[in-house]
Structures are given as structure tokens and as C-alpha cells.
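Engineer: Here's a structure for you.
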Protein chains: 2
Amino acid sequence: MAFLSEEITYHPKRPVFAPILANTMLSKVPGISGAGPSPEKTVFTPILDAELIADGRITSMPIRPNTPTGCPTPATITRAMMQLCGLAPFFINAGLEHPATTPTYHLCGEPGRDPRISDAVPMAGMLYQRGRELGAFLSRLSDMLVIGECVPGGTTTSLCVLRGLGYDARVSSSFIDNPHSLKEEIAGAVLQRIRDEGITEPLDIVAAAGDPMIPAAAGMVEGFSGEIILAGGTQMLSVAALTKARGVRLPKIATTIYVHDDPSANFREIAGAIGLSPVYVDPGFGETGHSGLARYCIGEVKEGMGAGGAMYLARALGHTGSMIRDAIMRTVEAYS
Amino acid sequence: MAFLSEEITYHPKRPVFAPILANTMLSKVPGISGAGPSPEKTVFTPILDAELIADGRITSMPIRPNTPTGCPTPATITRAMMQLCGLAPFFINAGLEHPATTPTYHLCGEPGRDPRISDAVPMAGMLYQRGRELGAFLSRLSDMLVIGECVPGGTTTSLCVLRGLGYDARVSSSFIDNPHSLKEEIAGAVLQRIRDEGITEPLDIVAAAGDPMIPAAAGMVEGFSGEIILAGGTQMLSVAALTKARGVRLPKIATTIYVHDDPSANFREIAGAIGLSPVYVDPGFGETGHSGLARYCIGEVKEGMGAGGAMYLARALGHTGSMIRDAIMRTVEAYS
């Protein structure tokens, strides 16, 4: 199997790798998100992952960057790619419950609320506009913008948004056993509220059902004039679905094979319905001899913090698949 | 009189204009800062000025962007230059007491404390490092970085820092009648504390006596590899004095003629002692027929939010002195 699902056609000169950090209160619902040591603590994961990428270690809490089963957080992969490429990530805070501990570009958003109860992102319009302005700002400086995300619980908000926009989505999960029935229950309640309130405008659907990352990322897609890559799985499909619904350009989407081929979701089908041809990376974690990385192959974690897009970017900057795998192994082993 | 004190030698392709926002608790001392409707409210001025530049109006409070005497805030000039050049500013929050209402790059700092009582910026080392990392990040994207500042009370912290670093500084003020005796009293107390505590390292002197903008800006000077311009008056001298003391490159400094020729300060002398040859802008506000702008010529406001450097940048991007003056007049008249 090739490292990349398609040939690289554009080699950026001044790329920006921008992970968007945000919270949704849905991540605190037990069983929704595997991104954290407990449901309540999932809201800290974007902050801790940003520490890991920026500084090489988690400094504000005494925890290790692995799941309880020893699976390295995807932030480790992103960290390894930033180091390999000599890049620094440009973190964007679209709405976090707690203050970030590493520098972030703050969009003045708020954490996403529980969409079963009330509108999740009342500031969606503002976030879209601020995202567009940031995209336009970066257009003057950069020829390629790779947008990642770290939103625990974000696959569930994306499920709600994709359904709200008319796609018959099933979404991926960081759990091996995708908690479909719980997600379906939530999506059902949210969709019922959207119908009851007669919400039909795409950005209003995101305001009702989404999380702060979605409008911010979609605004950036509209504002940025160079090559744009959404780095992620089902969450990035909801961003692309929003830009499509608004008649804005369709971005490129890059993810891992673990999301692309996830049998519990229908990533490829929904991507196709939106009009996207996703590119995906197969880092071959099964052959590394690392039991934690091998768990990606059986469906744990799969993707996050733009890890797939970060590997794509490293390849576009001229690094080979084996250099990329070696860099990940070196980074992972430093924590093992 | 020429618009610029020297010929432009470098025309940037991808400039970044980055005003650093911060607070020092010294601005709440009555009589220190003219940047706000009352001493207590001076801490909001960076936030309101950023609103004015980003959105063209102050949205979070019902106030007008003028001093009580009708003198337009220098943020109006900066706004006019951003519009003329089609640029968006990149605001940096180095330590504000209240949350910013427009997007800023947040360095995770805290507002500066009163240096008479305790160390003003205990996080100076961290801010320097975060500034250096940001400068390095921007180096990959931009060929010219113009750093401005908005720190009410910042001329007094700069007086303390310059004195602490061995310069016999007298500093400018946004008041027509520069409150020298009050500033001297504060500087005397702070210098005494520095001597008593045996503080001699340059960054430790900034930590003891400065404000969050100073280490952040100095770190950016070290981290950025392209053309760098400190846009401001005496506050930027303290930044340059710190980079010189640390053996880092000397930046260029650009300001207004109102600061450069301020008879109540000794800007030129201290700049010369540091080894700088400042460039200054004479926008000819006395001939515009606008009474508020004319007050700049008799020594009110003088500079701020990188206004002098913003005019320099507009010139470097090919706009003539009269285009620059006209753009400022159009912007000011919209508020009159």
C-alpha cells in the first residue's frame, strides 16, 4: 500500500498548519468521547494536546499523552511532523472552556453548548466572519493553509450538522466500539429541535447543532485564496458541507486511512455526496512494532489534531513515507 | 519638511503589522496616562483601540475615539493606514486585565503589576520566549515585521526600564504637560527597589520594572529574520535597549515627529546612546485644518498603536505623503 492515496501535485513554499481548538459540552456526556481520562476532563484535551505539540510535553497536568490502552494521542503524530518539517503550528482558539496554556489566536468565541437543549454556537456568524478575516490575513502570507481540529465530542456535533444539512451520515469515533446508539439518540433529539424551530439556513443549522470549530474553519476556507486542506475526518466533512451549502469553494480534505476506511462510518460516501475526493495517508502503523500505534489499525483514535493532514504536508514538503514513519516512532518512543 | 526623515530603501512584499496590547497597573495611578476617560478606565484603551482598527468603530462601550479635547486617538491613524494599504493588523495580547473583544494572538501573559511594590512582569522570561517563537513563525511567512504597541502607562514603565538599563532617559507623554515629577517619583522608587534587590540581568530588570509588551516585543525582534521595525516612541526604545543588552540585533525604529522632537523628553539622545538612527514621519497635521489633529503638533497624544510605523509602512508600500494624509483625514472626519 502506498503512503499516500494520490500523487502530490503542489509543493508549498510557505505553508501554515493551523489546528482549531474548541469544546462542545457534548464531550462531557459519558460514552461520547474517548479523548480524555474521564468525560468531565475531555474539555482539557485540546489544551494538553497543544502543549504537547508546542513544547514536546504536557506541562499543566501530570498525565501521559496516551490513551488508557497505550495508544499515543494523534497530537504526538502532529508534533513529530512539525519537528520533521521545522514548522510551528498556528493554534486557533475558537471556543474553549478553560484558558489555553500555549499561545493561540483567540477568535473571541465561547465553548459549544449542548445542542439538545439550546443553540450550541449562538456566535456562529461572528466566528464565520472572524475565520474569514483570518483566512484573508493568511492569504497575504501563505500559499497553503492546512486546517486541523481538536474538538472532543466533535464527531457527534458533526453528525448533527451533516444530518441537518441533509446528508445521511454515520460518523467515526475515537473509540474502537463506536457508540452509535448514543450518538443517534443525541442526533435525533437535535434534529427534532431543528425541525421544530424551522431552522433551514446552513449557518443557522451549524449555530443550532454544531461546535465553534465548524463555522471558524468554514470562514477560513472562504477567506483564504491559496491551496487549502482540511485535515481531519468526519468533523472536516461538516466544514466542507457548510462551505458547499454556502456556495463557497470546496476545499481539499486529507485524513488517515483509519478514518477513510472506517467500516463503522460512511466517510467516503458522504465525502462523495459533498463532491470531495479525499486524499488519505497510510502510515503503516501495523508494521512499526509499536503496540500502541498498532491499535490505530484496529480502529482506536484513528485521527485528530490534523495528524493525517500533517503527514500529508510533510510528504508535500519532500519527506518520504519512511522518514515520516521514523519521525513518528522517535517521538512516540520518547514517551513510552 | 519631507514626509519621511529618510528615503525608503526596502519595499516589503508580505509585511505584517503587529500591535502588542498590554496593561500596566501604573496606568491607574491618577495623572500617569492620558489614554482613557479616567485612570481606572485606561486599562480598556488597548481593547477599544483594537476594536476601532479592526472594525472601524468602538463597539463594546459607548465612547468616541477622541480625547476629551477632541484629539483623535492614534488608533484612528493606524486604522486609516490599514485601510489604505489593504492590510489587517495582527494583534498580540501580551497581558491585558480584561478579555480582548477582537481576535488577538494570546501569549498567555498577565497584566503588568505596579513595579513599586513587586516584580511587574514575573513571566518576562516566558513572554520573551513566546515572542521569539512567534517571531520565528512569522519569519517563514513575512519579509517585514512592524511591531506597534498600546500600553497605557507604558512610558512610565519604559522610563523605569531605560533607567534600570543605565540610560539617563526622560520620556514622552500623551499629555501636553508631561507629568515628570510623578514619573520621576515612581522611577525613583522602582530603581531603589532594583538596587536593593541587586537585580542586574537585563531581562530581570524588565521583569522587575517593565510591562508585558517589552519582553514580548524584544523576543519577536530576536526571533524574526527579515526586516524589523519597532513602531513607537520611548516605549520602543526600552525594547531596543533590552535587545541591545542581550546582544541581539538592533531593530529599526519608526515614530512620529511629535515624539522625535518632543522637547520634554530626550528621545534622540537615548536612541543615539542605544545605537539607533530613528526614522520619523511628519504627517503635517498642522496644515490639515482639523483642530484635533493639530493638537498633535502642540504635543498632545503624539504617537501610539504603531501610528508612526503604520504611516512609514504605507509609504514603503508606495503611497505618497498626500495620499496618507488624505486617508487619515477621511477616517478622522467619519468620527467628527
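The values are calculated or read from the model by the stated rules, or taken from the named source; none is laboratory data. Since the structure is predicted, the reported quantities are computational estimates derived from the model, not experimental observations. No Cβ is skipped: glycine too gets one built from the backbone with ideal geometry, and neighbour counts run over all protein chains shown. Note: areas computed on protein heavy atoms with side chains; ligands, DNA, RNA excluded. Shrake-Rupley method; radii C 1.70, N 1.55, O 1.52, S 1.80 Å.
Engineer: Using the beta-carbon distance between B:ARG246 and A:THR59 and R0 = 25 Å, what value does 1/(1 + (r/R0)^6) give for FRET efficiency, to the nearest 0.05? It would help to have the intermediate numbers written out before the result.
Structural biologist: Values: r = 25 Å, r/R0 = 1.00.
FRET efficiency, B:ARG246 to A:THR59: 0.50.
Engineer: In nm to one decimal, list the spacings between the A:GLY318 label point and its equivalents in the other copies, with label points set 7 Å along Cα to Cβ, shortest first.
Structural biologist: In ascending order, 3.2 nm.
Engineer: Check A:ALA18: other-chain or 5+ apart residues with amide H under 5 Å from its amide H, H built from backbone geometry?
Structural biologist: A:PHE90, A:VAL146, A:ILE147, A:GLY148
Engineer: Here's another thing I want to ask about it. Which order do B:LEU52, A:LEU182 take when ranked by solvent-accessible area (1.4 Å probe, heavy atoms of all protein chains), largest first?
Structural biologist: Result, largest first: A:LEU182, B:LEU52.
Engineer: Roughly how big is the protein assembly as shown's charge dipole about its Cα centre, with Cβ charges of +1 (Lys, Arg) and -1 (Asp, Glu), in debye to the nearest 20?
Structural biologist: Dipole of the protein assembly as shown, to the nearest 20 debye: 500 debye.
Engineer: Next question, about the same structure. Work through the residues other than A:ALA209 whose Cβ is under 15 Å from its Cβ and net out their charges, Lys, Arg +1 and Asp, Glu -1.
Structural biologist: That works out to -3.
Engineer: Quick check on chain B: what does the Kirkwood estimate of hydrodynamic radius come out to from the alpha carbon pairs, in Å? Numbers along the way, then the final one.
Structural biologist: Values: mean 1/r = 0.0522 Å⁻¹.
Every distinct Cα pair counted, the radius reaches 19.1 Å.
Engineer: So, one more: Please report the net charge: other residues with Cβ closer than 11 Å to the Cβ of B:GLN129, K and R +1, D and E -1.
Structural biologist: Local net charge: -1.
Engineer: Please work out whether segment A:193-274 counts as rounded, prolate or oblate from its C-alpha gyration tensor, where a ≥ b ≥ c are the square roots of the eigenvalues and a/c under 1.5 means rounded, while otherwise a/b larger than b/c means prolate and anything else oblate?
Structural biologist: Judged from the Cα gyration tensor, segment A:193-274 comes out oblate (a/c at least 1.5, b/c at or above a/b).
Engineer: Once you compute Rg and the Kirkwood Rh from C-alpha atoms, what is the Rg to Rh ratio for the protein assembly as shown?
Structural biologist: Details: Rg = 25.9 Å, Rh = 25.8 Å.
Computed over Cα atoms, the ratio is 1.00.
Engineer: On to the next question. When you look at the Cβ of every residue in B:106-115, what mean number of other chain Cβ atoms sits within 10 Å?
Structural biologist: Taking all residues of B:106-115 together, the mean is 2.
Engineer: Would you mind putting B:65-74, A:16-25 in packing order, based on average other-beta-carbon counts within 10 Å, highest first?
Structural biologist: A:16-25, B:65-74
Engineer: About the Cα centre, and with charges only on the beta carbon of Lys, Arg (+1) and Asp, Glu (-1), how big is the dipole of segment B:1-156? Nearest 20 debye, please. Don't jump to the answer; show the numbers that get you there.
Structural biologist: Numbers: 12 positive and 13 negative charges, 33 e Å.
Computed charge dipole of segment B:1-156: roughly 160 debye.
Engineer: Please compute how much accessible surface disappears when B pairs with A, both sides summed, using a 1.4 Å probe, and round it to the nearest 100 Å². All intermediate terms of the calculation are to be shown ahead of the outcome.
Structural biologist: On the way: alone 12540 and 12530 Å², together 22850 Å².
So the total buried area for this chain pair works out to about 2200 Å².
Engineer: Quantify how strongly other chains surround peptide B:132-145 by giving the mean number of their Cβ atoms within 10 Å of each of its Cβ atoms.
Structural biologist: Going residue by residue through B:132-145 and averaging, the value is 3.
Engineer: Sorted from largest down, what three extents in whole angstroms do the Cα atoms of segment A:1-92 have along their principal axes?
Structural biologist: Cα extents, longest axis first: 43, 30, 25 Å.
Engineer: Give me a comma-separated list of calculated 3J(HN,Hα) values for segment A:45-55, in order, Karplus coefficients 6.51, -1.76, 1.60 applied at θ = phi - 60°, integers in Hz, x for any Gly or Pro.
Structural biologist: 3J(HN,Hα) across segment A:45-55, in whole Hz: 4, x, 5, 5, 5, 5, 4, 4, 6, 6, 10.
Engineer: Answer rounded, prolate or oblate for segment A:8-47, using the Cα gyration tensor with square roots of eigenvalues a ≥ b ≥ c: rounded when a/c is under 1.5, else prolate when a/b is larger than b/c, else oblate. Don't skip to the end; give the middle numbers.
Structural biologist: Numbers: a/c = 4.05, a/b = 3.09, b/c = 1.31.
Note, shape of segment A:8-47 comes out prolate.
Engineer: Treating the point 7 Å from Cα along Cα-beta-carbon as the label, what are the nm separations from A:GLY275 to the other copies, to one decimal?
Structural biologist: 5.8
Engineer: Still on this model: Exactly which trypsin sites (Lys or Arg not before Pro) in segment A:13-114 are in a DSSP loop and have at most 13 other Cβ atoms within 10 Å?
Structural biologist: Here the trypsin sites (Lys or Arg not before Pro) that fit, given the DSSP loop and packing criteria, are A:LYS13, A:ARG57.
Engineer: Please state the charge dipole magnitude for segment A:79-134, taken about the Cα centre, from unit charges on C-beta atoms (+1 on K and R, -1 on D and E), reported in debye and rounded to the nearest 20.
Structural biologist: 160
Engineer: Inter-copy label distances at A:HIS180, 7 Å along the Cα→beta-carbon direction, one decimal in nm, shortest first?
Structural biologist: Result, one decimal in nm: 8.1.
Engineer: Same structure, new question: Going by Cα centres, segment A:262-336 and segment B:271-333 are how many Å apart?
Structural biologist: So the two Cα centres are separated by 52 Å.
Engineer: Under a Cβ-Cβ cut-off of 12 Å, what is the net charge of the residues other than B:GLY188 that fall near it, where Lys and Arg count +1 and Asp and Glu count -1?
Structural biologist: +3
Engineer: How far apart, in nm, are two points set 7 Å out from the Cα along the Cα-to-Cβ line at B:GLU201 and at B:SER225?
Structural biologist: Placing both labels 7 Å beyond Cα along the Cβ direction yields 2.8 nm.
Engineer: Compute, for B:LEU242, the solvent-accessible surface of its heavy atoms (probe 1.4 Å) with the complete set of protein chains present, and express it in square angstrom to the nearest 10.
Structural biologist: Using a 1.4 Å probe on the heavy atoms, I get roughly 0 Å².
Engineer: What does the average come to when, for each residue of peptide B:95-105, you count the partner chain Cβ atoms lying within 10 Å of its Cβ?
Structural biologist: Numbers: counts 0, 0, 0, 0, 2, 2, 1, 5, 12, 5, 8.
Mean number of neighbouring Cβ atoms from other chains: 3.
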